[in-house]
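Below is one structure, written out as structure tokens, with a few remarks after it.
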Amino acid sequence: MAEKFDFLIVGVPLSPIHNCISIGQELCLRGHNVTVISFADRGRQKVAKYASSCKLNYISLGELPVSDDKEEEFAQQLLSSNNTLRQMPFMVKNMMKPYWDPLKDGVAKVLKSGQVKPSFALLALPFGAVGRELQAYGIDYAVNVPTILIPPLSPWVNSFIPMPTHLVNPHNLTFLDRLIVTGSNSLLSFGRHLGAAAGFQFSFMPDLNPEMWRGHLTFVNSIPGFDYPQLLPPLVQYTGPVVDVKKMEPFPEEVESWLEAVPEGMPVVYVSFGTVVRLTPERVAAMLSTLTSTEYFTLWALPKSQQVHLPDTLPSSVMIHHWVPTVRSLAHPKVKAFVSHCGGNSAVECMAMGKPLVGYPQFGDQMAVCRRVADAGAGIAGPQGGWVQAQDVSHVLSEPRYAARARTMSRLLEKFGGTPYPQPTALCCWQLWGSIK
């Protein structure tokens with residue numbers, strides 16, 4: 001009989017933990033004991049949603065360090081600027097840093113109490129200084145990167161990979177681009193390693209400390225061919241998608257009825273900017289006008305809080321609902337394209353379903369994800385913070401090459417593996433590492 005292990009998953013209750021919980025579900029289905037540590041009911045709800053097929057244990061570290069109202073306020077301020085150099089420090093200071101101490105101290109308290117005695121741990125970004133507490137108890141861990149490999153976070157990214165602040169294709173760099181990209185990455189890497197050698201604690205962003213990554217397995221939830229190829233150490237492993245792209249949640253009844261009524265041969269464009277991006281009333285109104293077309297119908301997932309200024313009656317070609325399951329929508333035969341913010345999971349789900357993407361990135365790694373979709377020929381990328389343009393949507397729908405490349409990406413994703421597919425690559429990596437049998 002195979003040996004059973006106790007696994008610990010640690011993360012703040014934001015979207016990066018979704019993938020870790022999905023991996024936890026796969027471990028649970030194999031008979032291992034999995035415990036998730038996060039915050040409040042939000043963390044519990046995420047465990048229930050992303051591990052619905054196998055019950056995981058859950059430990060709450062208390063209330064959210066950043067309340068829902070504060071998070072909403074900060075998200076609105078974050079999107080008031082299109083400057084990544086301003087956005088990233090603002091997001092770290094206001095939406096991530098408040099979690100550092102409660103997360104580290106909470107995990108230390110749980111381990112000291114003996115409430116859990118994990119054989120191994122999986123950390124979701126951002127993980128702060130949790131690694132130090134795990135090391136103090138002799139617990140090895142892996143870090144899960146929920147999207148592509150980009151600087152400056154991971155110390156393993158090759159120096160020719162551009163930061164999100166400088167969006168260029170590394171295969172077509174000008175001489176000036178090469179100086180900027182390789183120079184800035186090399187300088188950053190030197191500074192990080194010098195700081196670590198000098199005992200610097202990286203209190204503003206502990207994840208930047210290379211010592212937190214060195215000697216630990218790193219999962220990257222993407223595939224070569226979507227992400228840019230680069231030389232990586234053996235402990236950095238691409239996993240393929242880990243969110244279950246084959247899990248089909250049902251449509252709300254009114255959405256199902258609307259889709260059935262769409263005339264045969266009329267394409268449907270699915271629109272979603274995720275749960276983090278907050279669209280202003282002016283932007284919602286502009287998008288509604290843009291997405292009202294005689295060439296296609298529009299299915300739009302829009303949170304209730306952003307629907308308050310919508311007209312009482314919508315055009316018959318537009319369906320707006322606060323809950324539209326993304327994978328179910330992208331798998332629908334009438335849906336022919338996806339208008340998105342290029343979140344890591346959204347982009348992978350789109351490619352896995354073989355649908356082209358029209359991307360309008362807003363902040364963080366979204367610009368880099370959009371760039372890779374465009375470089376793969378499976379869609380187009382608008383400018384950071386850009387508003388939806390009617391000609392972009394029409395262009396992607398009218399050019400068969402985008403859909404063809406998206407279907408190619410779908411085949412590559414399925415061939416590579418991941419937890420939704422027959423060969424769950426992330427788990428195979430752990431088997432090679434010797435953590436599970």
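We did not get these values from a lab; they are worked out from the coordinates using the rules stated. This structure is a prediction, so every number in the text was calculated from the model and none was measured. Here the Cβ positions follow ideal geometry from the backbone for every residue, glycine too, while neighbour counts run over all protein chains shown.
Structure data summary
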{"quantity": "Spin-label model distance (nm) - ASP68 vs HIS171, 7 Å beyond Cα toward Cβ", "calculated": "4.5 nm"}
{"quantity": "FRET efficiency, 1/(1 + (r/R0)^6) with R0 45 Å, evaluated for SER119 and HIS193 via beta carbons", "calculated": "0.90"}
{"quantity": "Label zone at ALA40, where the point sits 7 Å out along the Cα-to-Cβ direction: the range 1-26 residues whose backbone N lies under 18 Å", "calculated": "11-18"}
{"quantity": "Sorted by Cβ neighbour density within 10 Å, fewest at the top, the residues TRP387, TRP213", "calculated": "TRP387, TRP213"}
{"quantity": "The range 253-416: relative contact order as a whole-number percent, Cα under 8 Å and 6+ apart", "calculated": "21 percent"}
{"quantity": "Sum of -39500 (n - 2.57) over DSSP H runs of 4+, divided by residues of the chain (222 nm, nearest 500)", "calculated": "-12000 deg cm²/dmol"}
{"quantity": "Within the range 94-121: backbone nitrogen closer than 17 Å to the ASP140 label point (7 Å, Cα to C-beta)", "calculated": "118-121"}
{"quantity": "Loop sites in the range 107-153: chymotrypsin sites (Phe, Trp or Tyr not before Pro), DSSP, at most 15 other Cβ within 10 Å", "calculated": "TYR137"}
{"quantity": "Difference of contour (0.36 nm per residue) and Cα-Cα distance, ARG86 to LYS55", "calculated": "7.1 nm"}
{"quantity": "Relative contact order, percent, the chain [alpha-carbon distance under 8 Å, six or more residues apart]", "calculated": "15 percent"}
{"quantity": "Lys, Arg +1 and Asp, Glu -1 on Cβ, resulting dipole of the range 115-218 about Cα centre, debye, nearest 20", "calculated": "60 debye"}
{"quantity": "Amide hydrogen neighbours beyond the local backbone of LEU61, cut-off 5 Å, H modeled", "calculated": "SER38, PHE39, ALA40"}
{"quantity": "Separation of alpha-carbon centers, the range 1-34 and the range 344-387, rounded to whole Å", "calculated": "28 Å"}
